[in-house]
Amino acid sequence: MTHSPEMHQIVEAIRQRRRFVLSSHARPDGDSIGSQLALAYALRRLGKEAVMVNKDRAPGPLLQFPGVADIIVADAVQGEFDAAIIMECGDLGRTGVACLDRSFVINIDHHPGNTEYGQLNWFDASAAACGEMVFDLVEALGVPLTAEIATHVYLAILTDTGSFHYSNITPRTFEISKRCIEAGVDPVLVARNVYDSNNMGRLKLFGAVLSAMQLDDTGRIAVVYLDHKMARDAGGTYEDTEGLINLPLTVKEIQAVVFFKQSEGDEYRVSMRSKGNIDIGAVAKQFGGGGHKNAAGCTVVGGIDTLQRTFIDRMTVAIDAQSAGTPA
Ligand code: 5GP
Ligand code: MN
C-alpha cells in the first residue's frame with residue numbers, strides 16, 4: 001500500500017467530515033465510474049453520506065454495475081456538502097459540473113499535468129487507473145474490501161488498462177486485481193458486462209467507421225472518422241463508439257490511431273491511442289487536450305482534411321521519437 005502523505009491527509013479529512021459529493025469527468029468511462037462507486041460504497045460503510053453527481057450518464061454497459069444508476073446526472077451540484085471528492089480529473093473543468101468548488105475540494109487523480117485544483121491534492125501518474133488509488137484509500141480508511149467495492153476497483157483497472165494492454169500496468173495492477181478477485185469479483189462477468197453488451201446499431205456503426213478507415217503512407221497510423229449522418233445511417237449513436245478506437249491497434253503494423261468525431265460544424269472531438277512508448281498524450285497536449293502516453297484526447301476546430309494531415313504529422317513525430325530511443 002502507498003504511504004503517500006497526501007493520501008493520509010485525505011484519510012484525515014474524510015474522517016473529520018460527514019457529507020460528501022463525489023464527481024468525475026464528463027462522458028464517464030470505466031475508471032471514472034469505478035473509482036467513484038468504490039469510494040462511495042466505502043464512505044457509506046463509514047456511516048458517511050455520499051452523493052454522486054456527473055455531467056453525463058454512464059455508458060449503457062456500465063449501468064449494469066451496482067450503484068451506477070444512482071449517480072445524479074446534472075450540470076451543477078445542489079445542496080450542502082462538507083467536501084467534494086473529484087476523481088479522474090486533471091482540472092476541475094473536466095467534471096462539467098458547476099458549484100463543486102463551494103465545498104472543500106479533494107482531488108484524486110493519475111493524469112499527468114494535473115493542475116492541483118483542490119484544497120487537498122493526491123496525484124499519482126504511476127497508477128494504471130485512478131481505481132488503484134481508490135483501492136489504497138479504501139484500505140487506509142480501514143474499510144473492508146466488499147465484493148461491490150472490489151468490483152468497481154476491478155472495473156476501473158480492466159477498462160483503464162485497455163483490458164491489460166497498455167504500458168501503464170505495473171506489478172501492483174495485478175496485485176490489486178488479485179485482491180479484488182479474492183474479495184469476490186467475477187472477472188468473467190465484469191468482462192462480459194463491459195465488452196459483450198452491445199446492441200446491433202453499435203456493431204453496424206463499428207462496421208461503417210472501420211470500412212472508411214484510412215492509413216498514412218507508412219501504414220503505421222490509422223485515421224477513423226465519424227459524423228452525425230454516418231451514425232444515423234448505421235442506426236447507432238456517438239455513445240456506441242466507446243471502445244471502437246482500440247480495434248485498429250489489433251493490426252500488427254498499426255502503431256497509433258486517431259479518431260475524429262464531428263461535434264458540430266467544424267468542431268471535432270479527437271481521441272488517440274498508441275502502442276508501447278509512443279507518447280500521444282504529448283500530441284494531445286499540443287492541441288490543448290491531455291491524457292496518458294497510450295490514450296489521450298482533445299477538441300479541435302478546422303477543416304477535416306487539414307486536421308487529419310496535421311495529426312498524422314504530429315503522430316509520426318511521436319512514433320519516430322520512440323523508435324529512435326528503442327533498439328530494433
Ligand atoms: P478518450 O479518448 O477515451 O476520450 O480519452 C482518453 C484519455 O484522454 C482519457 O484518460 C481522458 O481523460 C483524456 N482526455 C480525453 N480528452 C481530453 C481533453 O479534452 N482534455 C484532457 N485534459 N484530457 C482528455
Ligand atoms: Mn483513468
For Lys261, the lysines lying under 29 Å Cα to Cα, once residues fewer than eight places off in the same chain are dropped, come out as Lys55, Lys204, Lys229, Lys252, Lys275, Lys285, Lys293
Residue ranges of DSSP H helices in the chain that stretch 18 Å or more (Cα, own long axis) and have mean Kyte-Doolittle hydropathy of at least -1.0 are 30-45, 147-160, 304-325
Looking only at lysines whose Cα falls under 30 Å of Lys48's and that sit 8 or more positions away or on another chain, we get Lys178
Taking 0.36 nm per residue of separation between Asp101 and Leu210 and subtracting their Cα-Cα distance, the length gained on full extension comes to 35.1 nm
Taking 0.36 nm per residue of separation between Ser163 and Asp196 and subtracting their Cα-Cα distance, the length gained on full extension comes to 10.6 nm
When all Cα-Cα pair distances of the stretch 123-255 are considered, the percent exceeding 21 Å is 54
Checking the stretch 112-217 for GluC sites (Glu not before Pro) in a loop per DSSP with at most 16 other beta-carbon atoms within 10 Å yields Glu116
Under the helix-only model (-39500 (n - 2.57) for each DSSP H run of 4 or more, divided by the residues of the chain), the mean residue ellipticity at 222 nm, to 500 deg cm²/dmol, is -11500 deg cm²/dmol
So for the chain, using the alpha carbon gyration tensor with a ≥ b ≥ c as root eigenvalues (a/c under 1.5 gives rounded; past that, a/b versus b/c decides prolate or oblate), I'd call it prolate
For the chain, the dipole about the Cα centre with charges only on Cβ (Lys and Arg +1, Asp and Glu -1), to the nearest 20 debye, works out at 340
Once Val251 and Gln78 are pulled to full extension, the length gained, defined as 0.36 nm per residue separation minus their Cα-Cα distance, is 57.6 nm
Using alpha-carbon positions, the gyration tensor of the stretch 57-117 gives root eigenvalues a ≥ b ≥ c; with a/c under 1.5 called rounded, otherwise prolate if a/b exceeds b/c, else oblate, the class is oblate
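Determine, for each peptide in 204-210, 23-29, the mean count of other beta carbons within 10 angstrom over its residues, then list the peptides with the highest first.
Working: 204-210: 17.6, 23-29: 22.9.
Peptide ranking by packing, descending: 23-29, 204-210.
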Using alpha-carbon positions, the gyration tensor of the stretch 5-195 gives root eigenvalues a ≥ b ≥ c; with a/c under 1.5 called rounded, otherwise prolate if a/b exceeds b/c, else oblate, the class is rounded
Among GluC sites (Glu not before Pro) in the stretch 239-324, those in a DSSP loop whose Cβ has at most 16 other Cβ atoms within 10 Å are Glu253
Rounded to two decimals, the Rg over Rh value of the stretch 200-324 from Cα coordinates and the Kirkwood Rh reads 0.95
So, with points 7 Å from each Cα along the Cβ direction, the Thr170-Arg57 label distance in nm works out to 3.8
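None of the figures in this text is laboratory data; all of them are computed from the coordinates on show. Here the structure is a predicted model, which is why all the values come from computation and not from measurement. Heads up, the Cβs are rebuilt from the backbone with ideal geometry, glycines too, and the neighbour counts pull from every protein chain shown.
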